Amino acid sequence: MKQKLIVGNWKMNGSLATNQALVQGVLAGLPGLNVHAAICAPAAYFASLQILLQGQTGLVCGAQDVSMHETGAYTGEISASMLLEFGVRYVIVGHSERRLYHGELDAQVAIKAQRALSAGITPIVCVGETLAERQAGCTEEVVKRQLAAVIHTNGHCISEIVVAYEPVWAIGTGLTATPEQAQQVHHVLRQQLKAASPRADRIALLYGGSMNAVNALDLLRQPDIDGGLIGGAALKVPDFLAIMATASQCAIA
Ligand code: 13P
């Protein structure tokens, strides 16, 4: 089984002091773990993280968003080339919190993914249904529509992306999709990607939404779940390390 990818999304949390303790704690627990890991931090901390993560290959820095523009009069925006200058290797695009609070649309998310890819940064494209959409039986339709926009815009580069399935109702709620529910959606996404690219097998499909040290094993052992996008549990060293240890165990199994 291939190595899993575990990504922490810090969201708008942290401080210079707590970040240092968190990163050093995670780095101390990494040796011996067979896992790829990244932390997606607030942009204000990239410079300090670049120093903390210098020379590390097991834990790299990611961003939580990127501008859909290359350069110019876009106050408050950060371009992909700026991220690259700080050693950012991944960027989350289309997180449900950006879609909900900032009105991001599928087509914009697709362009953000394109900007990241052009800069050599791996976009982590988030898709996921709301509770109302799940209850209405629209889950597959919603995630396929969200992913289709990214496939349409990024064509032959699509095998370079990472996809994260994050059911909106499971984010920060303590509710998790059952492993079967998550696997079912991941399977649908995998088929969609396979239809778009002969190299789709190499695309990592992450699950996100209240993943923790307790439920990680059952999720990560599903055939189409290649890793996790972790919010709350990524802010605590023991919890994040426990998920990484589980992922490492699944890679060996
Ligand atoms: P939680 O793990 O806190 O539910 O957050 C998931 C998430 O939104 C990661 O991007």
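Is it true that some residue in segment 117-137 is open to solvent by 10 Å² or more (accessible area, probe 1.4 Å) and in contact with a Gly (Cβ under 6 Å, 6 or more places away or on another chain)?
no
Which of (1) within 17 Å of the chain's Cα centre (by Cα); (2) among the β-branched types (Val, Ile, Thr); (3) open to solvent by 40 Å² or more (accessible area, probe 1.4 Å) is the odd one out, the single condition residue 109 does not satisfy?
So residue 109 meets the others, but not (3).
Out of (1) under 26 Å from residue 103 (Cα atoms); (2) in contact with a Cys (Cβ under 8 Å, 6 or more places away or on another chain); (3) open to solvent by 40 Å² or more (accessible area, probe 1.4 Å), the odd one out for residue 62 is which?
(3)
Okay, residues lined up against (1) among the small types (Gly, Ala, Ser); (2) open to solvent by 10 Å² or more (accessible area, probe 1.4 Å); (3) touching a residue at least 60 places away in the same chain (Cβ under 8 Å); (4) at negative phi:
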{"position": "24", "(1), (2), (3), (4)": "no, yes, no, yes"}
{"position": "34", "(1), (2), (3), (4)": "no, yes, yes, yes"}
{"position": "43", "(1), (2), (3), (4)": "yes, yes, no, yes"}
{"position": "47", "(1), (2), (3), (4)": "yes, yes, no, yes"}
{"position": "84", "(1), (2), (3), (4)": "no, yes, no, yes"}
{"position": "87", "(1), (2), (3), (4)": "yes, yes, no, no"}
{"position": "91", "(1), (2), (3), (4)": "no, no, no, yes"}
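Can you pull out the residues in segment 188-236 that are closer than 20 Å to residue 143 by Cα, within 11 Å of the ligand (Cβ to nearest atom) and polar (S, T, N, Q)?
Result: 210, single match.
What pairs come up if the first residue lies in segment 172-187 and is farther than 14 Å from residue 129 by Cβ, the second is open to solvent by 60 Å² or more (accessible area, probe 1.4 Å) and in a helix (DSSP H, G or I), and their beta carbons are under 8 Å apart, counting only those six or more places apart or on different chains?
179/218
Answer with yes or no whether residue 251 is within 16 Å of the ligand (Cβ to nearest atom) and not β-branched (Val, Ile, Thr).
Numbers: within 16 Å of the ligand (Cβ to nearest atom): no; not β-branched (Val, Ile, Thr): yes.
Judged against the criteria, residue 251 is not a match.
Can you tell me which residue among 16, 84 is out of contact with any strand residue (DSSP E or B) (no Cβ under 7 Å at 6 or more places or on another chain), modelled with pLDDT of 95 or more and under 27 Å from residue 154 (Cβ atoms)?
Sole residue among the options that is out of contact with any strand residue (DSSP E or B) (no Cβ under 7 Å at 6 or more places or on another chain), modelled with pLDDT of 95 or more and under 27 Å from residue 154 (Cβ atoms): 84.
The values are calculated or read from the model by the stated rules, or taken from the named source; none is laboratory data. Remember, predicted model here, so these are calculated numbers, not experimental data. Glycine gets a Cβ as well: all are built from the backbone with ideal geometry, and neighbour counts include every protein chain shown. Note: areas computed on protein heavy atoms with side chains; ligands, DNA, RNA excluded. Shrake-Rupley method; radii C 1.70, N 1.55, O 1.52, S 1.80 Å.
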